[in-house]
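Report on the structure given below.
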Amino acid sequence: MQLWLIPLLPLAGFALNGLLGRRLPKMAVNAIACGSVLLSFLWVLKTLAELNAFGGGLQTAHVEHYFTWIQSGSLNIGVDFAVDRLTAVMLLIVTGIGFLIHIYATGYMAHEGGYYRFFAYLNLFMFFMLVLVLGGNFLLLFVGWEGVGLCSYLLIGFYFLEKFASDAANKAFIVNRIGDFGFSLAVFLIAFHFGSLDFGSVFAKVKDMPVEATAGWMTAIALLLLLGATGKSAQIPLYVWLPDAMAGPTPVSALIHAATMVTAGVYMIARSSQLFLHAAGVLHIVAIVGIATAFFAATIGLTQFDIKKVYAYSTVSQLGYMFVGLGTGAFSAGIYHVMTHAFFKALLFLGAGSVIHACGGEQDMRKMGGLRKYTQITMWTLLVASIAIAGVPPFAGYYSKDAILSAAYEHAPWIFWVGVVTACMTAFYVFRAFFMTFAGEYKGAKADAGHGHDKKHGHDDKHGHDNHGHGHGDPHESPPSMWIPLAVLAVLSAVGGWYFNIPKFLEPMFKVPEEVPGNGWTVYVSIAAGVLGIAIAYVFYVLSPRIPDSLVQAFAVPYRWIYNKYYVDELYDSAIVDPVVGGSRSLLWRVVDASGIDGLVNGVGKFARELGGIAKRAQSGQIRNYAAWVVLGAIIVIVTVSFSGGAR
């Protein structure tokens, strides 16, 4: 099947644009970047068609071995790519959504510096993400895992001359290293206990083992894998990097920080489902981490005014839903939500980029409003995405969200009820953003070409995105290169849920009883919660816009806490960052480095210098002094010999 071609094509795009892009016209850069991803997507379709993946085939994994990478004793780690039904879903999401976002980026980034560099990074990300999902063992998965982290760092810090961008990139990189350290320890433990890192070998051995009744090494492996997943998929306590990642260009937010990379943790847990099923206590922890993150992030999303920050906290919250699905044993429901979330959240971010483009780089929703008059396509596509994430049938989010909530009720009713409240908040803050953006009258300044970057808020539009020949004037619709991907994603957000029946497709892999939407009163409760959230947002921001200000004044203290994100960043700074930095400067630098290491090295040098200073006095250049030293030396030799002879 030549699976290696799937990631190699974007890698070739990275190499061509990275090495030659500076000298190529933009059309050539576009053709290389977008063409490589399109070819990869087409090769995925060809591969799945040959494997009859959608016609009842691919009941077991198709594996291709290329060469042995590491051979140590009985441990044999090969460069192996594998495709099963879970891989098939992820490949279609990564290449399909990735291609649409590449097309969008050609319009959005058209007037940015470093154009070729941006697309080279984007292609490199596609390569590593495809290695992550195609890898047939834990080590290859880890290579892709680290690679997407590197690309995330490069793309968040794309505007590297701006401090806020480099700070956000560093934060994402460092926070993820914590989770990645846990993941690496899990890989070592798996190799030690199973003598292999191949998925097939490891899971076959696990399947025949009893479920751990108490904590043991299987629990340790699962907990370490969970730590890795909380970093990459932005769950409590390692979620803090993702909102700041909005410092990167908006296409990056849509592709990496909504549709693909951040779901790698969800994919990894689903891939390792056999391990987690044999450490049942950890599965419950996964569900608790997920529901806590979903609720916590949703409350913060209620108060944000930066349109990308609203969607960023929404992403954290929706990732929490996916963890709830995994933690309740509904693995296919969690992956189902990965797919539908890729549709509507990519659309929300790209729609936000279109709004930012229309407003000359402005991201503060308080300075928008009335855009329905200027950006009809963006408005309608964002409306579809907003309805989908609110879980209103028959839009995509309804199917996956309610599959998760139904499983949550079977697992622990309290998780279901917290999920219902979170669903209500989700619908509210997403439609709050929609109404603040499109309802009422336009409150912003006239669009000003080349401006609109607000460094105070860390906006990604460093040079503005209004340099399309409009100059000063009213907000305007995005070019076709931007709105066509919006339209395609809107169709997927509307019909993708019922058209792509992911739980049924994944049934051969996850033979775990799962509740499906359409049965029971839990479905109606969650739908009602979404509709209630929409209704409250309509009342607050269309019918009676003064209500929110009154509530802010009435609940000033809790509002301030939520608006400031519960001061978690400040807590981390004071409890972890400042002590580490301060200790590094006062102890490691001044004491260990300057006084200890430098003191020792400098002391040796000083001793040698002083010894040389004494010795150099013997080299006076005067013959009589040399003669005196010769006589003195002769006397010492004679006396020594005499005493030696006398002693004998």
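Computed from the coordinates by the stated procedures, all read-outs in this text should not be read as laboratory data. Just so it is clear, the structure is predicted and the values come from calculations on it, not from any experiment. Every residue, glycine as well, gets a Cβ built from its backbone with ideal geometry; the counts of neighbours run over all protein chains shown.
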Over what distance in Å are the Cα centres of the range 265-284 and the range 109-154 separated? 25
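Quote the Stokes-Einstein diffusion coefficient, in whole µm² s⁻¹, for the chain, based on the Kirkwood radius over alpha carbon pairs, a temperature of 4 °C and a viscosity of 1.567 mPa s. Don't jump to the answer; show the numbers that get you there.
Details: Rh = 26.8 Å.
After rounding, the answer is 48 µm²/s.
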Positive-end residue of ILE614, LEU224, ILE547, charge dipole of the chain with Cβ unit charges: ILE614
In the structure shown, of LYS205/LYS401; LYS26/LYS232; LYS367/LYS565; LYS232/LYS565, the pairs separated by more than 26 angstrom at the C-alpha atoms are LYS205/LYS401; LYS26/LYS232
Using a cut-off of 10 Å between beta-carbons, work out the net charge of the residues near PHE199 (Lys and Arg +1, Asp and Glu -1, PHE199 not included). -2
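What is the Cα convex hull volume of the range 166-246 when expressed per residue in Å³?
Details: hull volume 8.1 nm³, N = 81.
About 100 Å³ per residue, rounded to a whole number.
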Please list the non-local residues whose amide H lies under 5 Å from the amide H of GLY370, H modeled 1.01 Å from N, same-chain partners needing a gap of 5 or more. PHE438, ALA439, GLY440, GLU441
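Quick check: net charge around TYR116, other residues with Cβ under 10 Å of its Cβ, Lys/Arg +1 and Asp/Glu -1?
Numbers: positive: ARG22, ARG23, LYS26, ARG117; negative: none.
With Lys, Arg at +1 and Asp, Glu at -1, the neighbours total +4.
Percent relative contact order of the chain, based on C-alpha pairs within less than 8 angstrom and at least six residues apart?
12
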Apply the Debye scattering formula to the range 13-81, with a single equal point scatterer on each alpha-carbon and no solvent, then give log10 I(q)/I(0) at q = 0.13, 0.23 Å⁻¹. -0.67, -0.93
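Can you give me the orientation-averaged projected area of the convex hull built on the Cα atoms of the range 548-592, in nm²? Write down the numbers at each step before the final one.
Values: hull surface 14.0 nm².
Projected area, direction-averaged: 3.5 nm².
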To the nearest Å, what is the center-to-center distance of the range 287-342 and the range 390-426, using C-alpha atoms only? 11
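Taking the Cα centre of the chain as origin, sum charge times position over the Cβ atoms of Lys and Arg (+1) and Asp and Glu (-1), and report the length of that vector in debye to the nearest 20. Don't jump to the answer; show the numbers that get you there.
Numbers: 40 positive and 37 negative charges, 327 e Å.
Here the size comes out at about 1560 debye.
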Select from GLY248, THR522, VAL262 the residue farthest towards the positive end of the dipole of the range 5-563; place +1 on Cβ of Lys and Arg, -1 on Cβ of Asp and Glu, and compute about the Cα centre. GLY248
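What's the local net charge at ALA82, with K and R +1, D and E -1, over the other residues with C-beta under 13 Å away?
-2
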Rg from C-alpha atoms of the range 54-166, normalised by the globular rule of thumb 2.2 N^0.38 Å, equals 1.32
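Which value results when the Cα radius of gyration for the range 570-647 is divided by 2.2 N^0.38 Å? Mind showing how you got there, number by number?
On the way: Rg = 27.0 Å, N = 78, 2.2 N^0.38 = 11.5 Å.
For the range 570-647, the normalised Cα radius of gyration is 2.35.
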Would you mind pulling out the separation of the Cα centroids of the range 43-72 and the range 476-493, in Å? 33
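So what's the back-of-envelope 222 nm ellipticity for the chain, counting only DSSP H runs of four-plus at -39500 (n - 2.57) apiece and dividing by all residues, rounded to 500? Spell out each step's value before the answer.
Numbers: 27 runs with 425 residues, N = 648.
The per-residue figure over the chain is -21500 deg cm²/dmol.
If the viscosity is 1.567 mPa s and the temperature 4 °C, what Stokes-Einstein diffusion coefficient in µm²/s follows for the range 251-367 when Rh is the Kirkwood radius over Cα pairs? Write down the numbers at each step before the final one.
On the way: Rh = 14.8 Å.
Once the numbers are plugged in, D ends up at 88 µm²/s.
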Give, rounded to the nearest 20 debye, the magnitude of the charge dipole that the range 570-647 has about its Cα centre when Lys and Arg contribute +1 at Cβ and Asp and Glu contribute -1 at Cβ. 800
